[in-house]
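The values are calculated or read from the model by the stated rules, or taken from the named source; none is laboratory data. Computed from a predicted model, the values in this text were never measured in an experiment. A quick note on method: Cβ atoms are made from the backbone with ideal geometry, for glycine too, and the neighbour counts reach across all protein chains shown.
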Amino acid sequence: MRVGGWETLGLVLRRELVLGFRRPDQLVQPLVFFLIVTTLFPLGLSVQLVLLREMAPGVLWVAALLASMLSLEALFKSDADDGTLEQLVLSGQGVYVIVVAKTLAHWLVSGAALILVSPLVATALAIPWSAFPVMLLSLGLGTLTLSWLGAIGAGLTVGLKRGNVLVSLIVLPLAMPLLIFGAGATDRAISGTSPLGALYLLAALCLLTCTLAPFAAAAALTVTLE
Amino acid sequence: MWTWFYRLASPPYVYRVAAVWMPWLLGGAAFAIGYGVIDGLGFAPPDYQQGDAFRIIYVHAPCAWLSLFAYTTMAVAGAIGLIWRIKMGHAVAAASAPIGASFTLGALVTGSLWGRPMWGTYWAWDPRLTSELILLFLYVGVMALRSAFDDANRGDRAAALLAIVGVVNVPIIHFSVVWWNSLHQGATVAKFGKSEMPGSMLWPLLAMLLGFMLFYGAVLCIRLRGEVLNRERQSAWVREAIGS
């Protein structure tokens, strides 16, 4: 039976989401990590709200980056361990489609969940309400880009027994521009200047990775799986 | 016409050719760097603003240039290895990575030593400095990924892929002083048209640049020979070559 590309995309996406929500601990743990890391900064630095507000975008973004590093392992690892990934690659559907489906599902489960929690953290970090739309938009674009970059890193390290630290080592340098523009946009929104420049750059990065990263991640998977 | 290219895919040929090229490259490097050091440090006039401190440019700029050049070499060689499955491409990439990382570190260290008297700080979170630091992390990531695989073949190809993905950083570093309002000064050496530097300062710099390129080539040859020997250690010609 021959299945089309879109159908495969839908089927794999559905499977990933079902699996994701059947393991709620994997879904919740990065979010708790996100909350804990953002709590650590005010405790370690200063509790003065004025100072906190200046650091808040950076803290929020660093915590989001680290939290999404945690969930990257789940992207290909468990499927590679039980052989599902090999079956998917061998199914003749094109690794590209499978990578796109799995990465989108990963973003929906980790990135989008992070965005839902971020208003809570932002309030705790004294980010004003007026900056929330920009912050949410920048986090949305940023976490999606991060999922694509993460798919490359996870694809490159999927065959390794001890790839945990290596994924962060590979992905974090590539994610640094995200941090700069993402935190920059939120920062501008807080101070009341126009965040459009940084948002446009984030959107450009997002488009670039959306179009090119699946090819790189698919190539990475075929290299490490064969 | 392409035979020379095909022959470069053969490990024994590369091993021999690298041995032939190495002394010439090293000799040229010694000559160019020798001239650059003597003229640049001894005879070039001091800068009217920076005094003698500007002379660090004779090490810093070639280091920074080579850090990008070595990365590009690594990515292109990796791509050749990945696309045409030429093992020597991966060997060149593996040999180039530590040299490039050293040049990157050299550029960062000399830059921060110069930054202390000029900017008043060793380090500033400036686009060019930050992107050069990211380049160092990329080098480290590529080397770590290569060594993480037990199977050398897969490690090579994974590292090549990562190097290619990281190439986006190279134009960002190169144009960072143009795109952003950077603390780092703009380009004074123009590839096309007239440079903003007077000849008495420019010639030693160009000599140093050439010398560093040749030095990089020489070290690449040495490392490449080591890589080839290590990769081909099971084959008969290696036993013959090292005479055991």
Exercise. Hey, among the residues in the stretch B:118-143 that are farther than 19 Å from A:Ile170 by Cβ and in contact (Cβ under 8 Å) with a residue 24 or more places away in the chain, which one's farthest from the other protein chains (Cβ to nearest Cβ)?
Worked result: B:Met118
Problem set entry | Search result, residues across the stretch B:144-153 that are at pLDDT below 90, facing chain A (nearest Cβ under 9 Å) and in a helix (DSSP H, G or I) | B:Ala148
Exercise. What are the residue pairs meeting all of these: first residue in the stretch A:66-86, first residue within 15 Å of A:Ala220 (Cα to Cα), second residue among the acidic types (Asp, Glu), Cβ atoms under 8 Å, and 6 or more apart or on different chains?
Worked result: A:Ala80/A:Glu86; A:Leu85/A:Asp79
Problem set entry | Matching option when the condition is of a type outside the set (Asp, Glu), in contact (Cβ under 8 Å) with a residue 24 or more places away in the chain and out of contact with any Cys (no Cβ under 9 Å at 6 or more places or on another chain), among A:Leu35, A:Leu45, A:Leu51, A:Leu40 | A:Leu35
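Here is a yes/no grid of residues against (1) among the hydrophobic types (A, V, I, L, M, F, W, C); (2) modelled with pLDDT under 90:
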| site | (1), (2) |
| --- | --- |
| A:Leu141 | yes, no |
| A:Ala151 | yes, no |
| A:Leu166 | yes, yes |
| A:Asp187 | no, yes |
| A:Gly192 | no, yes |
Problem set entry | Residue check for A:Leu136: within 12 Å of another protein chain (Cβ to nearest Cβ) and either assigned to a helix (DSSP H, G or I) or surrounded by 19 or more Cβ atoms within 10 Å (Cβ to Cβ) (or both) | no
Exercise. How many residues does the stretch A:1-20 contain that are under 30 Å from A:Ala122 (Cα atoms) and at pLDDT below 85?
Worked result: 1
For this session: Run down A:Ser147, A:Ser168 and say which single residue is surrounded by 23 or more Cβ atoms within 10 Å (Cβ to Cβ) and either closer than 28 Å to B:Met143 by Cβ or within 14 Å of chain B (Cβ to nearest Cβ) (or both).
Result: A:Ser147
